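Data block below; observations after.
The values are calculated or read from the model by the stated rules, or taken from the named source; none is laboratory data. On a predicted model such as this, the values are computed, not experimentally measured, just so you know. Note: ideal-geometry Cβ built from the backbone for every residue, glycine included; neighbour counts use all protein chains shown. The area values use the complete protein model at the heavy-atom level, side chains included, leaving out ligands, DNA and RNA. Shrake-Rupley method; radii C 1.70, N 1.55, O 1.52, S 1.80 Å.
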Amino acid sequence: MTMESGPTKSGMGILFVISAPSGAGKTTLAHLTVKNVPGVIQSVSHTTRPIRRGETEGVSYHFVAREKFLETEQAGGFIEWVELHGEYYGTSYDTVMRAKEEGRDLILVIDVQGAAKLRQKYRDTVLIFIFPPSLKTLEHRLSKRGTEHQESRERRIEEAKREILESVNYDYLVVNDRIEDAADEIAHIIHAERCRVGRRARYFPDLLAQK
Ligand code: 5GP
């Protein structure tokens, strides 16, 4: 297998977690990454929260009723799940297994608790944290959205500050000032992770077996 046909084009089954406070641009960055980097697909989570304007069932999330979510959880269907603001969010076991079997790299846009749980299960999960350029920018982006009430906006800012402190447990920090630059940095991280000896060397057994 050559590098061109194999591990770089189709991915290697690596899990890339992207976490960020609300308003830091993680959804757009995940979409750009899937579009720009061959071999990367995005995990679609399950959630019990109501669908928002502009979201699509099966693309943004699988929107499910609480009973259905809990039933799936009881049956061991989630590799990780959390409760946030009274709603459930979870990554299906099948999504992760399928990506690994097909050798595709998987982007998971999940919160800091989910990231920690996933890393506990798969040590080589790569954790990427997205920073807004400043708290001021974050406040501005949240108020521009217009979908948030004042109280909810303040709660999100407080929560953002708490989440940002968790970034010390991540592998990479990307600052989303210009979206194209941030997407570029994520693409570079993915390429570098694919080049790690521990991952790539197995594609070249003949070179390693030389006497
Ligand atoms: P939102 O409701 O704004 O789409 O998402 C709220 C938070 O839930 C975000 O931080 C998002 O990354 C996180 N989230 C979405 N899906 C999952 C998931 O499957 N697992 C975990 N742990 N967090 C998730």
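Residue selection: residue 93 satisfies the criterion of being among the aromatic types (Phe, Trp, Tyr) and surrounded by fewer than 21 Cβ atoms within 10 Å (Cβ to Cβ). The residue list 192, 182 contains one member that is among the aliphatic types (A, V, I, L, M), closer than 24 Å to residue 114 by Cα, in contact (Cβ under 8 Å) with a residue 24 or more places away in the chain and out of contact with any Lys or Arg (no Cβ under 8 Å at 6 or more places or on another chain), which is 182. State yes or no: is residue 30 surrounded by 15 or more Cβ atoms within 10 Å (Cβ to Cβ), part of a loop (DSSP other than H, G, I, E, B) and among the hydrophobic types (A, V, I, L, M, F, W, C)? In short, no. Checking each residue in the range 86-109 for being more than 15 Å from residue 14 (Cβ to Cβ) and without any contact (Cβ under 8 Å) to a residue 12 or more places away in the chain picks out only 86. Considering the range 195-211, the residues that are assigned to a helix (DSSP H, G or I) and free of Cβ contacts under 8 Å to residues at least 24 places away in the same chain include one that is nearest to the chain's Cα centre (by Cα), namely 197. In this entry, residue 189 passes the filter for residues that are under 22 Å from residue 35 (Cβ atoms) and at pLDDT 90 or above.
Suppose the filter is more than 15 Å from the chain's Cα centre (by Cα), crowded, with 18+ Cβ neighbours inside 10 Å and closer than 14 Å to residue 24 by Cβ; does residue 179 pass it? No; evaluated as a whole, the condition is false for this residue. Test residue 88 against the criterion of being among the aromatic types (Phe, Trp, Tyr), in contact with an Asp or Glu (Cβ under 9 Å, 6 or more places away or on another chain) and open to solvent by less than 80 Å² (accessible area, probe 1.4 Å), and give yes or no. Judged against the criteria, residue 88 is a match. Among all positions in the range 165-184, there is at least one residue which is farther than 19 Å from residue 16 by Cβ, assigned to a helix (DSSP H, G or I) and not charged (D, E, K, R). For the structure I just gave you, tell me whether residue 32 is in contact (Cβ under 8 Å) with a residue 40 or more places away in the chain and either within 13 Å of the ligand (Cβ to nearest atom) or over 21 Å from residue 192 (Cα atoms) (or both). Considered against the rule, which asks whether it is in contact (Cβ under 8 Å) with a residue 40 or more places away in the chain and either within 13 Å of the ligand (Cβ to nearest atom) or over 21 Å from residue 192 (Cα atoms) (or both), residue 32 comes out as no.
Against the conditions (1) under 18 Å from residue 40 (Cα atoms); (2) surrounded by fewer than 18 Cβ atoms within 10 Å (Cβ to Cβ); (3) not small (Gly, Ala, Ser), residue 166 satisfies every one except (1). Criterion applied to 40, 64 was being touching a residue at least 24 places away in the same chain (Cβ under 8 Å), crowded, with 17+ Cβ neighbours inside 10 Å and either small (Gly, Ala, Ser) or in contact with a Ser or Thr (Cβ under 8 Å, 6 or more places away or on another chain) (or both), and the one residue passing it is 40.
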